[in-house]
Amino acid sequence: MLPRIVELVARAAAGLKYDVREYVASESIAAILTSLIDELTKTIVEEDEGVIRCGLCGRGPFTRKGLYLHLKRVHARQIEELVLSELEHRVWVMKNKLNS
């Protein structure tokens, strides 16, 4: 499942079309995943006056397709780690809300 999430994050960061529901059957999980992807793309891509750069390493400029390929080829492992870290954070927050 994680490689598919990396695919979705890379597509979203590059501004390419993607559909979370192709990968997830549950609407509630799709909503969580969409929120997670939206949050991660803020740090993964830097766009200034139409110039697109990788937010992870600063390389660029890229076309949208070029950024997508760069993220998948160079940063797949790093994106996996970001996804896991963000999921752990969200679980921790929910757990602490329930306990308080």
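Being more than 10 Å from the chain's Cα centre (by Cα) and of a type outside the set (Phe, Trp, Tyr) narrows it down to one residue among Ser26, Ser35; which is it? The unique qualifying residue is Ser26.
Within region 16-56, restricting attention to residues that are under 14 Å from Lys72 (Cα atoms) and touching a Lys or Arg at 6+ places or on another chain (Cβ under 9 Å), the residue that is surrounded by the fewest Cβ atoms within 10 Å (Cβ to Cβ) is Leu16.
Values quoted throughout were computed directly from the atomic coordinates according to the rules given, and no laboratory measurement underlies them. As the structure is a computational prediction, the values presented were derived from the model and not from experiment. So basically every Cβ, Gly included, is an ideal-geometry build from the backbone, and we count neighbours across all protein chains shown.
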